[in-house]
Amino acid sequence: MINFNLLTLFPEMFPGMLGQSLAGKALARGDWSFNAINIRDFSTDNHKTVDDTPYGGGAGMVMRADIIEHALLSLKKPSRNIYLSPRGKVLNQALVKELSQEQDLTLLCGRYEGVDQRILDAHDFEEVSIGDYVLSGGEPAALILMDSCIRLLPNVMGNVDTADNESFGSATNGLLEYPHYTRPASWTDAKGNTHNVPDILQSGNHAKIKDWRREQSKKLTQAVRPDLLKKNV
Ligand code: ADE
């Protein structure tokens, strides 16, 4: 059971895609919950402003610390605070595993140029990025972080083996996952090319299949993500 508090200007973006499929079923079962809080509800002026121009000049608007703090203090229980930002440490499977074990996570989603630094300092926000590219807001990043945590909760994935076997899981030793095949064993595509399932996978020799898969994982990782091999010798 994990609860996500979302501090956002777009609460209607939640649960979004997480209302579907396995995460949606887990939500309905009560395996996880969310509480989307509209930061604008904590604005104090008639225009419901939440942002202002940056000190020192420059483009864009900055979300105000005092208003975000009011939203944050409306939460009943204090929790680990995360600010989604391209400036943060990059989310990886080890961090996902750690976060998925928390009871509550508060995710601050910024818009505009970002948030006043003082809210991050005053309330110990950890900054987390989902990758080296810039989104127009933290909400899609929060949904991705949530998805990656939810699928690790007990009972969410049908086959307990699966989460460990895939890319970055412990069974692949942090490497990318080997390729998968299913029926038909021989398939001719629309261009007339025939593609056969590798013989070894149809051999029934489980030791050899395991070796083949490990070899495929290594080759794929070498070709696509050689940086991962350096960490996993
Ligand atoms: N907000 C904007 N870009 C982001 C990113 N790459 N990761 C997390 N939050 C973001």
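The values are calculated or read from the model by the stated rules, or taken from the named source; none is laboratory data. Owing to the predicted nature of the structure, the values given are computational and were not obtained by experimental measurement. Don't worry about glycine lacking a Cβ; one is built from the backbone with ideal geometry, like all the others, and counts go over all protein chains shown. Accessible surface is based on the protein model in full, side chains and every heavy atom, while ligands, DNA and RNA are left aside. Shrake-Rupley method; radii C 1.70, N 1.55, O 1.52, S 1.80 Å.
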Taking the convex hull of the Cα atoms, report for the range 1-42 its projected area averaged over all directions, in nm².
-> 2.8 nm²
Using every pair of alpha-carbon atoms in the range 8-123, split the distances into 10 Å bins beginning at 0 and state the percent of pairs per bin, rounded to integers.
-> 11, 38, 35, 13, 2
Please figure out what share of the DSSP beta bridges in the chain is antiparallel and state it in percent, rounded to the nearest 5.
-> 15 percent
Which residues make up the longest stretch of the chain that has no trypsin sites (Lys or Arg not before Pro) in a DSSP loop with at most 14 other Cβ atoms within 10 Å?
-> 77-190
Sorting Val224, Val96, Val134 by accessible area (1.4 Å probe), largest first, what list results?
-> Val134, Val224, Val96
Simple spin-label estimate for Ile209 and Ala122 in nanometres, 7 Å along Cα-Cβ = 5.9 nm
Separation of the Asn173 and Lys89 label points, Cα + 7 Å toward Cβ, nm | 2.5 nm
FRET E, pair His195, Glu98, Förster distance 30 Å, beta-carbon r, rounded to 0.05 | 0.15
Relative contact order for the range 163-232 using alpha-carbon pairs under 8 Å, separation at least 6, rounded to a whole percent?
-> 31 percent
Cubic angstrom per residue, convex hull over Cα atoms of the range 163-232 | 110 Å³
Going through the range 1-78, which chymotrypsin sites (Phe, Trp or Tyr not before Pro) have at most 11 other Cβ atoms within 10 Å and a DSSP loop state?
-> Tyr55
For the chain, what relative contact order do you get, as a whole percent, if you take Cα pairs closer than 8 Å and at least 6 residues apart?
-> 19 percent
Per residue, how much space in cubic angstrom lies within the convex hull of the C-alpha atoms of the chain?
-> 190 Å³
Mind checking the range 62-169 for chymotrypsin sites (Phe, Trp or Tyr not before Pro) that DSSP puts in a loop (not H, G, I, E or B) and that have at most 14 other Cβ atoms within 10 Å?
-> Tyr133
